[in-house]
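Chemist: Take this structure first; my questions come after.
The values are calculated or read from the model by the stated rules, or taken from the named source; none is laboratory data. None of these values were measured; they are calculated from a predicted model. Neighbour counts are summed over all protein chains in view; Cβ atoms, including those assigned to glycine, are modelled from backbone coordinates with ideal geometry. Just the protein is used for accessible areas: all its heavy atoms, side chains included, with ligands, DNA and RNA removed. Shrake-Rupley method; radii C 1.70, N 1.55, O 1.52, S 1.80 Å.
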Amino acid sequence: MKKLNLLFTTVFLVSTFLLSCSSDDNGNSGESENNQISIEQITNGVTIAGAKLETGTPPSPTGLLNFEISKTEQDGFLNNGFNISFASTGQIKGAYIQFKDVNGNNSNGYYDVPKEAFGNSDGVKISSINGKKKVSLRTKINGEGDLQINVDFKESVPVGKFCYAICIYDANGNISQVEEVCVQVNSWGGNSAIVGEWIFDREEPADIENGATTTIECENGNTLTDVAYNMEEKDEWVFVLNEDGTYYETYDEKGKRLDAQASSLNCTAVYTETYEYKDKYSGNWSYDNEKKTITVVDFKYEDLINAAESEEYPDGSVYFEAAKIEIIAGELVITDSYNDGNITVTEKIIFKRK
């Protein structure tokens, strides 16, 4: 990620930005569970790719631009960061962001984030990988039409709490009201009950992939229906949570693909082409004891068959974010509920101890 250095301005000008319109002052009451991250640590440890650091303070809000942000508090993660998610009905050109500590001390200067930088780099912060991760439950962070800014942490950002103020603006000079959000940077690990080696068992509701089967018209005039595209020999997904907050998971898949031409000729399903995948993802996990949720961040992918395809994610890539996790009848259950239009959808993935 690009490294940006904060520029300095007067305390008076910075204060004007935060006082120019009302905002909830969550986090300033000293209710931080642990450490209060200092302005110096925020200044030196936070970056926003594609943004520009400006001196002084942004223009005063006009209040004429619609701006909705659903959170007044959110989580951040070591060596990874967090996303700022918001929505607007306006034609947004960019956003102004200024960081502060929980005691109201403001950083010197502010970030001007153009719309082109929204979601920059791994901005959406959900893995777009193949295999089960692509089709399995993953927390839906944003609804349709939401905007997002990716904020990254350097290694120097510790566990603790800080805040930020954000406004958005359009090309006509309209600037929204300021909203303030506080970020709790969590440590890794946190729940010994879910620690262990788990093997995927099932999904609820069961995942029936569209197009997993086909119909074959045979040369003799007969028809084969519900013919599977793949004949699986092995399909194993292992998910491992370690006590120290590290995690890894492996996918071991092997089988043969349908030969449609040979199947039509013989009027029976024929599988010829062999496929094999052996993948490993590793990183860290964090448990929120109050919300009973888990966030998992990938930092490395390994193709165990073709090492040239392996890669690392220095800033992390969020896999699960704030997904409900619990032990039910000895099984590990990860649950996600999200809105799909006017319908609330609930999905579960369930593991057994290996």
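Chemist: Of the residues 296, 240, 318, which single one is in contact with a strand residue (DSSP E or B) (Cβ under 9 Å, 6 or more places away or on another chain), at pLDDT 95 or above, on the phi < 0 side of the Ramachandran plot and aliphatic (A, V, I, L, M)?
Modeler: The unique qualifying residue is 240.
Chemist: Look at residue 57 and say whether it is open to solvent by less than 60 Å² (accessible area, probe 1.4 Å) and within 21 Å of the chain's Cα centre (by Cα).
Modeler: The answer is no for residue 57.
Chemist: Could you please find all residues in the range 264-278 being touching a strand residue (DSSP E or B) at 6+ places or on another chain (Cβ under 7 Å) and open to solvent by 50 Å² or more (accessible area, probe 1.4 Å)?
Modeler: Across the range 264-278, the qualifying residues are 272, 273, 274, 276, 277, 278.
Chemist: Pick from the range 189-237 the residues that are of a type in the set (Ser, Thr, Tyr), out of contact with any Gly (no Cβ under 9 Å at 6 or more places or on another chain) and closer than 30 Å to residue 335 by Cβ: which of them is modelled with the highest pLDDT?
Modeler: Per the criteria, the residue is 192.
Chemist: Restricting to the range 74-86, count the residues that are farther than 12 Å from residue 185 by Cβ and open to solvent by 20 Å² or more (accessible area, probe 1.4 Å).
Modeler: Number of matching residues: 1.
Chemist: Would you point out which residue out of 108, 44, 66 is open to solvent by 20 Å² or more (accessible area, probe 1.4 Å), in a loop (DSSP other than H, G, I, E, B), polar (S, T, N, Q) and at pLDDT 90 or above?
Modeler: 66
Chemist: Quick one: would you say residue 321 is open to solvent by 50 Å² or more (accessible area, probe 1.4 Å), assigned to a strand (DSSP E or B) and under 18 Å from residue 283 (Cα atoms)?
Modeler: The answer is no for residue 321.
Chemist: Given the condition open to solvent by 60 Å² or more (accessible area, probe 1.4 Å), closer than 21 Å to residue 251 by Cα, of a type in the set (S, T, N, Q) and part of a loop (DSSP other than H, G, I, E, B), answer yes or no: does some residue in the range 306-318 qualify?
Modeler: Within the range 306-318 (the criterion being open to solvent by 60 Å² or more (accessible area, probe 1.4 Å), closer than 21 Å to residue 251 by Cα, of a type in the set (S, T, N, Q) and part of a loop (DSSP other than H, G, I, E, B)), the answer is yes, since at least one residue qualifies.
Chemist: Still on this structure, I have one more. Only one of 326, 331 is of a type in the set (Asp, Glu) and open to solvent by 50 Å² or more (accessible area, probe 1.4 Å); which?
Modeler: None of the others qualify; the one that does is 326.
For (1) open to solvent by 50 Å² or more (accessible area, probe 1.4 Å); (2) within 18 Å of residue 349 (Cβ to Cβ), each residue gets a yes or a no:
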residue	(1), (2)
189	no, no
195	no, yes
199	no, yes
204	yes, yes
244	yes, no
259	no, no
262	no, no
300	yes, no
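Chemist: Here is a further query. Mind checking whether some residue in the range 135-145 is acidic (Asp, Glu), modelled with pLDDT under 95 and open to solvent by 50 Å² or more (accessible area, probe 1.4 Å)?
Modeler: The answer is yes, given that some residue of the range 135-145 is acidic (Asp, Glu), modelled with pLDDT under 95 and open to solvent by 50 Å² or more (accessible area, probe 1.4 Å).
Chemist: Any residue in the range 79-91 that's among the aliphatic types (A, V, I, L, M): show its pairings with residues that are part of a strand (DSSP E or B) at Cβ separation under 7 Å, as long as the two are six or more apart or on different chains.
Modeler: Short answer, once both residue conditions are applied: 84/148; 84/149; 84/151; 84/166; 87/68; 87/147.
Chemist: Next up: Which of the residues that make up the range 183-199 are among the aliphatic types (A, V, I, L, M) and within 20 Å of residue 74 (Cβ to Cβ)?
Modeler: 183, 185, listed by residue number.
Chemist: Out of the range 69-105, which residues are farther than 18 Å from residue 52 by Cβ and part of a strand (DSSP E or B)?
Modeler: 73, 74, 75, 76, 77, 81, 82, 83, 85, 86, 87, 100
Chemist: Also: Would you pick out the residues in the range 31-41 that are part of a loop (DSSP other than H, G, I, E, B) and open to solvent by 40 Å² or more (accessible area, probe 1.4 Å)?
Modeler: Result: 31, 33, 34, 35.
Chemist: Also, I was wondering about something else. Given the criterion surrounded by 15 or more Cβ atoms within 10 Å (Cβ to Cβ), within 30 Å of residue 85 (Cα to Cα) and not charged (D, E, K, R), identify the matching residue among 168, 216.
Modeler: The unique qualifying residue is 168.
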